[in-house]
1. Which number in (1) over 30 Å from residue 458 (Cβ atoms); (2) modelled with pLDDT of 90 or more; (3) of a type in the set (Gly, Ala, Ser) marks the one condition that residue 399 misses?
2. In the stretch 370-391, what residues are buried (at least 20 other Cβ atoms within 10 Å of the Cβ), under 14 Å from residue 433 (Cβ atoms) and of a type in the set (A, V, I, L, M, F, W, C)?
3. State all residues of the stretch 315-372 that are free of Cβ contacts under 8 Å to residues at least 60 places away in the same chain and among the aliphatic types (A, V, I, L, M); if no residue qualifies, say none.
4. Would you mind telling me which numbered condition in (1) at pLDDT 90 or above; (2) crowded, with 17+ Cβ neighbours inside 10 Å; (3) not hydroxyl-bearing (Ser, Thr, Tyr) residue 394 fails?
5. What number of residues in the stretch 40-57 are surrounded by fewer than 18 Cβ atoms within 10 Å (Cβ to Cβ) and closer than 25 Å to residue 164 by Cα?
6. Give the residue that is farthest from residue 441 (Cα to Cα), with candidates limited to residues of the stretch 147-203 that are charged (D, E, K, R) and not in a helix (DSSP H, G or I).
7. Given 10, 52, which one is modelled with pLDDT under 90, assigned by TED's automatic domain parsing to the domain that holds residue 106, polar (S, T, N, Q) and out of contact with any Cys (no Cβ under 8 Å at 6 or more places or on another chain)?
8. Limited to the stretch 109-140, what total is found for residues that are outside any helix (DSSP H, G or I) and of a type outside the set (Val, Ile, Thr)?
Amino acid sequence: MAGWVSRMRSAFGASFLWLVSFVYFTQGFRSFVWTAVSYQLKDILKLSPSASQFVVSAAFFPWSIKPFYGILSDCIPIRGRKRVPYLIIATILSLFPWVVLGLISTLRNSHIWLTIFLCMQNFGSAMADVVIDAMIAEAVRSERAAFAGDLQSLSWSAMAFGGVCGSLLGGITLSNLKISNIFLLFSVLPTIQLLSCASVDELSSSRKTRSMTGKNEGLEDDGNLVKDENLGLQTSLDKAASENVQSEGDATSLNGNSSLLGASNSSTFRISKAHQRRGKEKRTATEVDIVEESDRSLSSKWFLSLKSAFYSLCNAFRQPIILRPMAWFFFSHVTVPNLSTAIFYYQTEALHLDASFLGTARVMGWCGLMFGTFMYNRYLKRLRLRKILLCAHIGLALSILFDVALVSRVHVNLGISDKYMVLFGSALSDAINQFKMMPFLIISGQLCPPGIEGTLFALFMSINNLGSTLGSFFGAFLASALKISSQNFDNLLLGIILQLVATFIPILFLFLIPKEATGLVA
């Protein structure tokens, strides 16, 4: 272990490894503060399950436009750097909302303002996620490519550890601290992340910065050359004017008219001053032209870079081999209504499960996720993706049966407590979802053409996130239509049964997935 740490440190540097680990840890630890958000919506704002789920779904929309952040940082560098400045901006956007919501109760207790600030916070978190992924991709190029797997393992481990810690501590702190204090306590992590950004040297961008600086220096040299040429031209003009006037003076002197010589000298002085003023105006105009040309050139370069990125992205995505499987993953989320918020209300209001226990259930979910990853890599990755996804949706249907039993109270007759049903249901659901997520990651990597891998992969993730968001909106609409509230859960069982039936709909469209594709990385 010590040898591995030493090799990683020598390859990437301690500050970079710390930043990667801390950013991913913070992403996982977000469950700590979002538990408090759930109770803020339910207990303080007194929102219905459908309204609460609508707020959360709207707040998570920034995760659906991840390619925008990638294209922005790729095409428009800030002071010659493409990553760290955007990571700083993202961290500030992640930090500011929690501080404001923690300090100002009127904003925290308004569902409109709460939604706006939560959306801003997710905008920062999503941008940080894209930027740190890009930094990892750049860090493992060329001579450090052998460490790619190690760096990815480090990042995922840090996120899983953060998720476990956030889930455990989220419920405990909620039982002992005010929600406002939890918001302020969580803001410590983005603050540390912001300070960590200052210690990272963006090596790849530094080289680009030096290159751009060299170009600017060359531009300055060209400007100096133009200045020198103008000065030389002005000197020649002054010299010619002086010689002409001097010739006129000499001629006048030969004619014996000495008074005209003084007039010639005065005329020479006035002409010289006029040329100097014109020379200064020309030099100033030349400098302005150079700066304006540089600005126009830079703006044109950014525009062409953005245009090229969007064109490549659209051209790649229009290919049927990419469009069809992505359409399946999108519709597999949209067609299945998400009733998680309604079930959360049922667990807390009807079953009276406390926050600390629900945090423990989320830890079981993280354990199920890691177990699902292990099982997939060990036994399923050689199967065809169609079969894996078929099994995944059948497994999701089985996990929904836990909710059916929980709401119908069938388990009580079998002597099984509510807590065991929630714990095993959470673990099973997250494990099965990982069976579906792993093929998505694999096929996304296989379909990305060279040159735009990062941006296209971000687009794939955004499509997946957008599908989940729309599925949550669908669930909120269904809960509202069934009139499910914090006091009325009569129709919750019907909603879960409809969710169960909808889980089988994506199976009918598995023909969109490439027939020969397997879970092995191409």
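The values are calculated or read from the model by the stated rules, or taken from the named source; none is laboratory data. On a predicted model such as this, the values are computed, not experimentally measured, just so you know. Every residue, glycine as well, gets a Cβ built from its backbone with ideal geometry; the counts of neighbours run over all protein chains shown.
1. Unmet for residue 399, out of (1) over 30 Å from residue 458 (Cβ atoms); (2) modelled with pLDDT of 90 or more; (3) of a type in the set (Gly, Ala, Ser): (1).
2. 388, 389
3. If the condition is that a residue be free of Cβ contacts under 8 Å to residues at least 60 places away in the same chain and among the aliphatic types (A, V, I, L, M), then 323 is the only one that fits.
4. Of (1) at pLDDT 90 or above; (2) crowded, with 17+ Cβ neighbours inside 10 Å; (3) not hydroxyl-bearing (Ser, Thr, Tyr), only one is false for residue 394: (2).
5. 1
6. Within the stretch 147-203, the match that is farthest from residue 441 (Cα to Cα) is 178.
7. 10
8. The number of residues fulfilling the criteria is 2.
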